[in-house]
Amino acid sequence: MNGTAMSLAGKRVVVIGGASGIGFAVAALAREQGAELVIASSNAANVAAAAGRLGGATGGTVDLRDEASVSGFFRNLGAFDHLSITAGDWGGTAFRATRDLDLAAAREGFEVRFWGALAAVKHASRQIAPDGSMTLTSGMLTHRPTKAIPLATAIGGAVESLVRGLAVDLAPLRINAVCPGLILTDHVKQMPQDRQRAYVAGLPLPRGASPAEAATAYVYLMLNSYVTGQILPVDGGGWLV
Ligand SMILES: NC(=O)c1ccc[n+]([C@@H]2O[C@H](COP(=O)([O-])OP(=O)(O)OC[C@H]3O[C@@H](n4cnc5c(N)ncnc54)[C@H](OP(=O)(O)O)[C@@H]3O)[C@@H](O)[C@H]2O)c1
């Protein structure tokens, strides 16, 4: 039912990064909408634990840093309908002030979130349903740079520009990105409270969001068959201020 399908019943949805955080919430919501789920990340134990918590999801291991791992993962996977990529490694030492930046670490900062996402899209595009979709992940710092982490802005910007190019190149496949603000995943909840508050201070909605609030954006982008090349912010109005 073109454009008006409001359920994922009968669809096969793959979430790379689905072992935790935003990806796990995407998987849980897609499953609620009737999808058959495959979750994947680089650590087999994390995947198995998450698949167990979801109940009924299949788990797979893939390392987005390694194209052979990515191509093998998609070859084994077979046909599917939608892909969400929420995998990320939080920048490591790439997230430093410019004057302290190690350039090798800066390059490395693009490995999972940019080059890894591109590898996934490349290999997924050979097997995904022609009316399927892929959704990548950028982040609020792309549009609201802060002191001391210019690379976070650059990586998110690269992902968003890639999405626009891919949406044209791979049409009629649909390619979009979600741009999350502060999402209160286990990783984020470990950050110092004052850092969390600083991210959201001054936003129209000055709070962190639940992973479930972020997940609805990914599921929306699977369901709406006329949206492509878009960046969907879930950031409490961060683009406005
Ligand atoms: N939470 C936020 O506030 C926020 C805001 C803006 C942007 N983001 C971005 O959104 C993404 C998800 O955030 P999150 O809070 O959900 O983080 P998270 O809980 O740390 O999830 C990241 C996932 O990526 C997987 N992963 C890491 N390296 C991988 C690799 N080489 N290959 C495959 N999978 C890999 C991890 O599992 P394994 O360790 O098992 O591989 C994990 O399941 C990140 O890229 C983050 O930068 C988050």
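Which one is farthest from the ligand (Cβ to nearest atom), of the residues in region 200-238 that are among the aromatic types (Phe, Trp, Tyr) and surrounded by fewer than 20 Cβ atoms within 10 Å (Cβ to Cβ)? Of everything passing the filter in region 200-238, TYR226 is farthest from the ligand (Cβ to nearest atom). Any idea which residue in region 170-199 is surrounded by the most Cβ atoms within 10 Å (Cβ to Cβ), counting only those that are among the charged types (D, E, K, R) and in contact with a Ser or Thr (Cβ under 9 Å, 6 or more places away or on another chain)? The residue in question is ARG174. If you filter region 1-56 down to residues that are within 16 Å of the ligand (Cβ to nearest atom) and in a loop (DSSP other than H, G, I, E, B), you find that the one that is surrounded by the fewest Cβ atoms within 10 Å (Cβ to Cβ) is ASN43.
Counting only helices (runs of 4 or more DSSP H) wholly contained in region 131-241, the ones carrying 1 or more residues that are closer than 15 Å to GLY21 by Cα occupy 186-189, 211-223.
Tell me, please, whether a residue that is among the aliphatic types (A, V, I, L, M), more than 10 Å from the ligand (Cβ to nearest atom), more than 24 Å from ASN176 (Cα to Cα) and not in a loop (DSSP other than H, G, I, E, B) can be found in region 69-91. Step through it out loud before you land on a result.
The initial filter retains those residues of region 69-91 that are among the aliphatic types (A, V, I, L, M), namely 70, 77, 79, 83, 85, 87.
The next check asks that each one be more than 10 Å from the ligand (Cβ to nearest atom); those that pass are 77, 79, 83.
Checking the rest, the ones that are also more than 24 Å from ASN176 (Cα to Cα) come to none.
There is no residue in region 69-91 that is among the aliphatic types (A, V, I, L, M), more than 10 Å from the ligand (Cβ to nearest atom), more than 24 Å from ASN176 (Cα to Cα) and not in a loop (DSSP other than H, G, I, E, B).
Values in this text are rule-based calculations from the coordinates and carry no lab data. What you see is a predicted model, and the numbers here were worked out from it, not measured in a lab. Positions of Cβ are backbone-derived with ideal geometry, glycine not excepted, and every protein chain shown enters the neighbour counts.
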